[in-house]
Amino acid sequence: MKEYSREEIRIMLCRYHNLDGAEDFCGKNGAEKIMKRIGTIQYDPLNVVSRNADLVLQARVKDYHEEHLFDLLYKDHKLVDGYDKEMSIYTVSDFGHFGFVRRESKNMMLAILNWRHQMAALDILDEVLAYVEETGKTSTKDLSIGKVRNNSNWGHKKLSSAALDYLFNTGVLSVAEKSGTHRYFDLTERVVKKLDGTREDFYSDPNMSEEEFYEWYVERRIKCVGLVWNKSGGIWLGHYLGNSELRTKTIASLEEKGRIKKIAIQGIKEPFYVPKNFSRYMNVPAPEDYARFIAPLDNLMWDRQMLQKLFDFEYRWEVYTPAPKRKYGYYVLPVLYNGNFVARFEPDYAGKIGKFIVKNWWWEDGVKPDKKMRTAIEKEMKRFANFLQVENSADNVKKTLSC
């Protein structure tokens, strides 16, 4: 079992995710390439300076803009909305394999409908499906069948909305388009490209056994992050992967077959697992000093305990923390510099203001910013404003330089 220093691992992880910009991933094509590598990005509707999925991509792809993800999802249909770790965006080529996950999602949705007193939604599935088949793209606003009665629990107010949600989670419908956070559904065979010409491929892979799925899903989740440990946490959220006994057995099988590698990291007792080609990212140097603004739900941030062990960086997403109890702010982005987290900042609502503005900036304890670090951060501010397609506030540089 090969051993690496934490510094080496940080370099390889940033290289793997192209956070150092060593690979010339650019625009929509670059977004498609990095998605093929990491497989999944988590979707979250909050939009302070952009939504999480776009923030993940902008940190890895030069000249990326939000319309690139929209096109890949709803025009080119190379990506698709679906349940993975949480609600996510993943490559359309994986849709058939996710039939196993949708099977579990069906059980979850039945439990939710029962808890919300909305089981009557199951009685109108055929009616809702017929409407979508005839009409095409359909939102919850377009269809109004049945009101929920005696609904003391949170949920849809219309049975037709609950039915649409159920049909989406079970794979019969897919998201064909979005307007902001508002989803428009259509039949999956109209949205998801066929894989080998059979209708069944829209819903599941008929040639994959359950054991093969376990191995594919665990290996895929390792690729989503680049490096994992076998400890329950944010990395292993989702159906199947939270089962530690099944996960441990599957990891051992993948290692034995040479599909993943086990490594050691100096100063950390737990073993880690990486994709089989992970070591190739050790030998590609960053082209220059770099800084990146990282999304709160970035793949790199999924396991906060592992993040702290590898980077000596503690992070808590405080959007659901009452304001008086927040240590930093509502929506705070970590700042990565040459493989280390050196600061964090709270941005203002860029879309409403028309400018990228830093409300608050905090350097990490022990960080002594020099000219090279400040120059790299200043360059990233300009790049970030370009991604947002807004003006970069002149006060941003002054704010960070004066700290």
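The values are calculated or read from the model by the stated rules, or taken from the named source; none is laboratory data. Only a predicted model underlies this, so the values are computations on that prediction, with no experimental measurement involved. When we count neighbours, we look across all protein chains shown, and the Cβ atoms used for this are built from the backbone with ideal geometry, even at glycine. The area values use the complete protein model at the heavy-atom level, side chains included, leaving out ligands, DNA and RNA. Shrake-Rupley method; radii C 1.70, N 1.55, O 1.52, S 1.80 Å.
Data for the structure
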read-out: Search result, residues across the stretch 317-346 that are under 21 Å from the mean Cα position of the chain (by Cα) and either farther than 24 Å from Arg221 by Cα or aliphatic (A, V, I, L, M) (or both); value: Glu318, Val319, Tyr320, Tyr330, Tyr331, Val332, Leu333, Val335, Leu336, Arg344, Phe345, Glu346
read-out: Long-range neighbours under 6 Å by Cβ, at least six apart or interchain, first residue among the acidic types (Asp, Glu) within the stretch 35-50, second assigned to a helix (DSSP H, G or I); value: Asp44/Asn52
read-out: Pairs with Cβ under 6 Å, 6+ apart, first in the stretch 216-242 and within 20 Å of Trp317 (Cα to Cα), second open to solvent by less than 30 Å² (accessible area, probe 1.4 Å) and polar (S, T, N, Q); value: Val225/Asn299
read-out: Some residue of the stretch 262-272 being under 21 Å from Asn338 (Cβ atoms), modelled with pLDDT of 95 or more and of a type in the set (Asp, Glu); value: no
read-out: Test: residue in the stretch 295-316 that is free of Cβ contacts under 8 Å to residues at least 60 places away in the same chain, more than 20 Å from Met12 (Cβ to Cβ), under 21 Å from the mean Cα position of the chain (by Cα) and open to solvent by 40 Å² or more (accessible area, probe 1.4 Å); value: yes
read-out: Residue, farthest from Arg221 (Cα to Cα), within the stretch 82-119, restricted to residues that are of a type in the set (Asp, Glu) and open to solvent by 10 Å² or more (accessible area, probe 1.4 Å); value: Glu104
read-out: Unmet criterion (only one of (1) closer than 15 Å to Asn338 by Cα; (2) of a type in the set (D, E, K, R); (3) over 26 Å from the mean Cα position of the chain (by Cα)) for Lys379; value: (3)
read-out: Entirely in the stretch 26-81, the helices (runs of 4 or more DSSP H) that have 2 or more residues that are closer than 17 Å to Asn299 by Cα and of a type in the set (Val, Ile, Thr); value: 27-38
read-out: The listed residue being over 28 Å from the mean Cα position of the chain (by Cα) and among the aliphatic types (A, V, I, L, M), out of Ala176, Ala120; value: Ala120
read-out: Tabulated pairs, the stretch 136-147, first in contact (Cβ under 8 Å) with a residue 12 or more places away in the chain and open to solvent by less than 40 Å² (accessible area, probe 1.4 Å), second part of a loop (DSSP other than H, G, I, E, B) and hydroxyl-bearing (Ser, Thr, Tyr), C-beta under 8 angstrom, 6+ apart or interchain; value: none
read-out: Some residue of the stretch 36-51 being touching a Pro at 6+ places or on another chain (Cβ under 8 Å), of a type outside the set (D, E, K, R), open to solvent by less than 20 Å² (accessible area, probe 1.4 Å) and more than 19 Å from Arg15 (Cβ to Cβ); value: yes
read-out: Residue count for the stretch 19-63, restricted to those that are acidic (Asp, Glu) and farther than 18 Å from Thr91 by Cα; value: 4
read-out: Count of the stretch 255-291 residues which are open to solvent by less than 40 Å² (accessible area, probe 1.4 Å) and under 24 Å from the mean Cα position of the chain (by Cα); value: 9
